[in-house]
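Student: Got a structure for you, questions after.
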Protein chains: 2
Amino acid sequence: MPELVNRQWLLAKRPVGRPQNGDFEYREVHIPTPGEGEVLLRIINALIDPAQRGWMDAVGNYFDPSPLGEPMRSGIIAKVVKSNSDLHPVGQYVSGLGGWEDYTVVPEGSVDIIPYDGSQELGAFSHLLGTKGATAYFGLLEICGLKEGDQVLVSSAAGAVGSLVGQFARIKGCRVVGIARGPEKCRWITEELGFDAAIDYGATGDLSAAIAEQFPDGLDVYFDNVGGEMLEAAIDNLALHARIAICGMISEYNQSDAPGPRNMWNLLVKRARIEGFLVSDFRPRYQEARAAIDSWIKEGRLKYKLDEREGFDILPKTLNCLFDGDHDGRLLVKLVKEVDTVI
Amino acid sequence: MPELVNRQWLLAKRPVGRPQNGDFEYREVHIPTPGEGEVLLRIINALIDPAQRGWMDAVGNYFDPSPLGEPMRSGIIAKVVKSNSDLHPVGQYVSGLGGWEDYTVVPEGSVDIIPYDGSQELGAFSHLLGTKGATAYFGLLEICGLKEGDQVLVSSAAGAVGSLVGQFARIKGCRVVGIARGPEKCRWITEELGFDAAIDYGATGDLSAAIAEQFPDGLDVYFDNVGGEMLEAAIDNLALHARIAICGMISEYNQSDAPGPRNMWNLLVKRARIEGFLVSDFRPRYQEARAAIDSWIKEGRLKYKLDEREGFDILPKTLNCLFDGDHDGRLLVKLVKEVDTVI
């Protein structure tokens, strides 16, 4: 007999500050049936992502809020197990937005088909070959307008996006310094990923001075995953015509009224630019990023680290690992070991 | 007999906060003699400009500091009265950087030749046809990437640059709202210059709410001449893909540690951009701006206001009029009524 139950973690309350266990509610329901032009997906991986904290708020940021009483919205990697669509045959792998549940029904074309053939690590499609790779790629090349020889600073450098930003910039002939917390992450990005240097955020008293030491002539590009005081310290150290991409501001997700950079004046002095972006704006061009990244993988020029954990029950607590820094690479939760497509 | 004396206002001290009378020192010296490849200029107009406050500080901003014990650095309009250069025949009018003095010697090519034929108002070359015009032109079209139909906000809208920004944006088919202080300036920009609306900064308690009222769907372009809380209020009200040009921040010239915008997060949400610029970076393209502006003048589509005052002795006190808002249009001081080129 196939499974008859669809497990779900519902968003039950909107948290103030850090999410709590009571913000989610466990439920078991029947597996839904796809209608015309729809497919039933078995969710294999749930991606744990900072954006999810924003979706828990009542006021939508760049997405509508994740609705109360429904499975918590999540990036997913899934397999088609029933199909009423020629686009998506049974057995196809897809990625996209879903929720914290075992099964979900989606309309055809609403998820991305991923070229998984069993030889790759499936989780890589959530990372290098997924939106994280595209975020690093378009943020660096389009928003920052990266040029060979640029002096590049990346925050959250051991994170999912930051670790790719640094490697892409190295491939493009730039010098890269990463900010990360703790000697282990700093060692990883320099010795394993090939960053030119690391600044240990936990051990550095004066961040602005530490950046100045690494960039005596100023930095050309800052890829900002953090915001707050880190952004201010970077603005202190701009070279002429510097470009800053604001990719995410995890430090501000749980704060409502964080102080802003006191040195905006320096943008004028240095004729510099700050630009916020969302990778979803580049969705029509994802294939371009995937092709470039795929070629770098095949040349053995990219390293990445997945922090894959197992079990449906651990989803809520795993989300908080993001805010504690208690994870090591792209964080995802595997919901099922093997997928039987005959249900 | 020609004049034998070159009057000078030297920068004697570096002010803290507002400049004081004692920061300048009056001196009379001999008129200098041009060497090979140099010309002697009779300075006709000294332009009074916010950038001068920055030049008085010990730490250079985008220019080196104005040296102590030398004439206070100033934009000038001048006439060539002695020449050892084929580029600059006697009688030619030029503009550029000089100092607060009657005469100065400059190397050929270090000043811009201006096409003054006696029919125009000479001061206009410090404004529409000079760097102020180029600042408004390139800031709006290049830095903000202005598009027809954009919703545009301008601060210091009755100022030298702001009044042109608004008029250029109207010519380009945009809706323009200006922020200015006091009913008289607000009346001038709407009734005379054709701005669609004005926000009276002096009469508005909640600036962010006042902007929201004018831009219910958000603003596409903010041309920032002020910085500080005005920048924050604009960031509150961005439309998707909004562009902000930071042209000057007069409110911060006399403050060292002004608070920064607390809402930088909104740049990410709205995929918006802030970019600082200096018009001098566009110097190779000034002719392009001058040609466009000249055609708009000839079509009767531009209005401007010069606040020209007379007398060498009033230079120091006139500089402070900038910070008191006590001026009405582009501020310049005329040092001499007529220029005799035979000295």
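Student: Got the A:Asp294 label distances to the other copies yet, label 7 Å along Cα→Cβ, in nm, shortest first?
Tutor: Here the equivalent label points are 5.5 nm apart from this one.
Student: Please give the calculated 222 nm ellipticity per residue for chain A, where each DSSP H segment of at least 4 residues contributes -39500 (n - 2.57) and the sum is spread over every residue; nearest 500 deg cm²/dmol?
Tutor: The helix contribution divided over chain A gives -6000 deg cm²/dmol.
Student: Okay, next question. Only Cα pairs under 8 Å and at least 6 apart count here; give the relative contact order of chain A as a rounded whole percent.
Tutor: 17 percent
Student: Could you check the spin-label model distance between B:Asp281 and B:Val29? Points 7 Å from the Cα along Cα→Cβ, value in nm.
Tutor: The two pseudo-label positions are separated by 3.4 nm.
Student: Let me ask something else about it. Suppose we flag chymotrypsin sites (Phe, Trp or Tyr not before Pro) only when DSSP calls them loop and at most 16 other Cβ atoms lie within 10 Å. Which is the longest uninterrupted stretch of chain A?
Tutor: Details: sites that count: A:Tyr62, A:Phe63.
Here the longest run is A:64-343.
Student: Also: Copy-to-copy spacing for A:Gln120, label 7 Å out on the Cα-to-C-beta vector, in nm, shortest first?
Tutor: 6.0
Student: Give the nm distances, rounded to one decimal, from A:Phe63 to the matching residue in every other copy, measuring between label points 7 Å along Cα toward the beta carbon; shortest first.
Tutor: Its label point is 5.1 nm from the equivalent points in the other copies.
Student: Using the alpha-carbon centroid of each, what span in Å lies between the stretch A:181-220 and the stretch A:13-86?
Tutor: 36 Å
Student: DSSP loop GluC sites (Glu not before Pro) in the stretch B:8-47 with at most 12 other Cβ atoms within 10 Å of their Cβ, which ones? Write out the running numbers ahead of the final one.
Tutor: Numbers: sites: B:Glu25, B:Glu28, B:Glu36, B:Glu38; in loops: B:Glu36.
Counting only loop positions with at most 12 other Cβ atoms within 10 Å, the GluC sites (Glu not before Pro) in the stretch B:8-47 are B:Glu36.
Student: How many partner chain Cβ atoms sit within 10 Å of a residue's Cβ in peptide B:224-233, on average, as a whole number?
Tutor: That works out to 1 on average.
Student: Something else about it: Treating cross-link reach as a plain straight distance, find the lysines whose alpha-carbon is under 16 Å from the alpha-carbon of B:Lys172, omitting any fewer than eight places away in the same chain.
Tutor: B:Lys172 reaches B:Lys147, B:Lys303.
Student: Could you give each residue of the stretch B:304-318 its phi-based ³J(HN,Hα) in whole Hz, using Karplus coefficients 6.51, -1.76, 1.60 with θ = phi - 60°, and x for Gly or Pro?
Tutor: Those phi angles translate into 8, 9, 9, 10, 9, 10, 10, x, 6, 5, 8, 3, x, 6, 5 Hz.
Student: Can you list which of the trypsin sites (Lys or Arg not before Pro) found in the stretch A:278-343 are DSSP loop residues with at most 11 other C-beta atoms within 10 Å?
Tutor: On the way: sites: A:Arg285, A:Arg290, A:Lys298, A:Arg301, A:Lys303, A:Lys305, A:Arg309, A:Lys317, A:Arg330, A:Lys334, A:Lys337; in loops: A:Arg301, A:Lys303, A:Lys305, A:Lys337.
Taking the stretch A:278-343 and a limit of 11 other Cβ atoms within 10 Å, the loop trypsin sites (Lys or Arg not before Pro) found are A:Lys337.
Student: Can you tell me what percent of all Cα-Cα pairs in chain B are more than 33 Å apart?
Tutor: Cα-Cα pairs of chain B separated by over 33 Å account for 29 percent.
Student: Using the 10 angstrom Cβ neighbour count as an exposure proxy, how do A:Cys174, A:Cys247 rank, fewest first?
Tutor: In increasing order of surrounding Cβ atoms, one gets A:Cys174, A:Cys247.
Student: Provide the three semi-axes, in whole Å and in decreasing order, of the ellipsoid equivalent to the stretch A:131-281 as defined by the square roots of 5 times the Cα gyration tensor eigenvalues.
Tutor: Equivalent-ellipsoid dimensions as semi-axes: 19, 18, 17 Å.
Student: Mind listing the phi-derived Karplus ³J(HN,Hα) values for the stretch B:156-173, rounded to whole Hz, using 6.51, -1.76 and 1.60 with θ = phi - 60°, and x for any glycine or proline?
Tutor: 6, 5, 9, x, 4, 7, x, 5, 7, 3, x, 5, 4, 5, 4, 4, 7, x
Student: By Cβ position, which chain B residue lies least far from the axis that rotates chain B onto chain A, and what is the distance to the nearest whole angstrom?
Tutor: So the closest residue, with its distance, comes out as B:Gly260, 2.
Student: Using amide H atoms built in the peptide plane, which far-off residues or other-chain residues are under 5 Å from B:Asp307 H to H?
Tutor: Those qualifying (amide H under 5 Å, at least 5 residues apart or on another chain) are B:Arg330, B:Leu331, B:Leu332.
Throughout, read-outs are computed from the coordinates displayed, never taken from laboratory work. The model shown is predicted, which means the values in this text are computed figures rather than measured ones. Virtual Cβ from ideal backbone geometry, glycine too; neighbours counted across all protein chains shown.
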